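Working notes, beginning with the structure itself.
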Amino acid sequence: MRLAWDVELRRGFEPENMPLMPRCAEKRMAILRRLKPGLLTKVVQLLDAVPMEDRDTKGDIYEYMLSKLATAGTNGQFRTPRHIIELLVAMTQPTPGDVIVDPACGTCGFPVAVGEYLREHLNHGLSHGFDFDNTMLRIGAMDMLLHGVENPDVSYRDSLSEDSAYEENKYTLVLANPPFAGSLDYESTSGKLQRVVKTKKAELLFMVFFLQLLKPGGRAAVIVPDGVVSLPSGVFRPYAGVGTAILFFTKTGRGGTDHVWFYGMTADGWSLDDKRNPLLPLEKLGPAPKDAIADGEQEKNNLLDCLSRWKHRKDSERERERTAQSFCVPKDEIAEQGYDLSLNRHKELIHAEVEHRPPLEILSELRAIEQEILQGIEEIEGMLR
């Protein structure tokens, strides 16, 4: 590799003996800057202290680099925030008996999180992933390798394509953030999916595809434009500012659940602007914070509360009023609403009663103000005569 000294004078760098290089050449070469001895020594000492033999350290460094990807991919894909992934994994509680798949794996955030969860709770497990972007596959495979998965099972597949050969009823758990937008080749889309729902919306086709992949009794947690657990609109910034939600479901055949649980998340622990700064100390973030969250701090991090209420969705949560942050709705009522799972469709809003002044009183006050104005005008006219 050819190396070129940077001719710009930067703080902390020595400009002496740097050969001048054309700017056009610098853009095509790796740039090596010579540090001052003291600064170079400090850098070496800091790097030497990093425990690179630790699997978690290498994985965390790679995750940090991935978090700096600030633009969406050409096909509408973008990185799912790590704490949202951890929430979905904690709520679905993967087991060693699960056969797990992410059909839109991207950087493999879900397979990595599943591996970490199983390693912490059960010490083993396996998940699969596939994507139709070779760049994302390379990044995802490296992410899994650095997190201790020696033979990552990620492969090139177009989940919605006609020529994709998948086995139905193969998986017990789907964890995914399928693309909401991007290019969709209608002609090459699977006819089998189109027979169930004829649409060009990728998120709807993916839902049908997930149902086909799951075994009876299999469960899924997927991020969709709107659904059961409503997320703040800034969760995916700086990639996108659209409102999103998490949809949980189980493939049960006929019958199924008799209630649907809703949760309206208002804060995920980070600012909802493009900067995404932490609102609490890092030890108090995520669905399983290391430090206890004090009274009042739950308003800045709803993830722990969401996970706690989820565990009681079949008992105490069914007693909550529709005005609460979480509540349950009977399936029959949702069916009457055309199976609309929008949170605001089922949530009851309390409107504060406002007392208005009598109209005659307001008119009387306006007349008095007008008289004061006219009197002031007459006084000014008298001064000018």
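The values are calculated or read from the model by the stated rules, or taken from the named source; none is laboratory data. The shown structure was predicted, so the numbers you read here are calculated from the model rather than taken from an experiment. Heads up, the Cβs are rebuilt from the backbone with ideal geometry, glycines too, and the neighbour counts pull from every protein chain shown.
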Those residues of region 278-320 that are part of a helix (DSSP H, G or I) and out of contact with any helix residue (DSSP H, G or I) (no Cβ under 8 Å at 6 or more places or on another chain) come to a total of 7
For Ser326, are the conditions met, namely being of a type in the set (S, T, N, Q) and closer than 23 Å to Gln93 by Cα? yes
| message | Here is a check on your reading of the model: is Tyr186 at pLDDT below 80 and either in the same structural domain as Ser308 (by TED's automatic domain parsing) or out of contact with any Pro (no Cβ under 8 Å at 6 or more places or on another chain) (or both)? | response | yes
Only one of (1) of a type in the set (Lys, Arg); (2) surrounded by 11 or more Cβ atoms within 10 Å (Cβ to Cβ); (3) not in a helix (DSSP H, G or I) does not apply to Lys275, and that is (2)
Is it true that Glu116 is closer than 24 Å to Arg138 by Cβ, among the charged types (D, E, K, R) and modelled with pLDDT under 90?
yes
Taking region 154-166 and the residues there that are of a type outside the set (A, V, I, L, M) and modelled with pLDDT under 75, the one that is surrounded by the fewest Cβ atoms within 10 Å (Cβ to Cβ) would be Asp163
_Taking the conditions exactly as written (at pLDDT below 85, in the same structural domain as Thr250 (by TED's automatic domain parsing) and buried (at least 24 other Cβ atoms within 10 Å of the Cβ)), does Gly129 satisfy them or not?_
no
Looking across region 244-274 at residues that are of a type in the set (Gly, Ala, Ser) and in contact with an Asp or Glu (Cβ under 7 Å, 6 or more places away or on another chain), the single one that is farthest from Val224 (Cα to Cα) is Ala267
The lone condition Leu204 fails out of (1) surrounded by fewer than 20 Cβ atoms within 10 Å (Cβ to Cβ); (2) farther than 16 Å from Cys306 by Cβ; (3) of a type in the set (A, V, I, L, M); (4) in contact with a helix residue (DSSP H, G or I) (Cβ under 7 Å, 6 or more places away or on another chain) is (4)
Q) Quick check: is even one residue across region 357-366 within 13 Å of Val260 (Cβ to Cβ), not polar (S, T, N, Q) and not in a loop (DSSP other than H, G, I, E, B)? A) no
* **Hey, Arg195 assigned by TED's automatic domain parsing to the domain that holds Leu88 and farther than 21 Å from Thr257 by Cβ or not** => yes
Quick check, is Asn151 at pLDDT 85 or above and in the same structural domain as Thr189 (by TED's automatic domain parsing)?
no
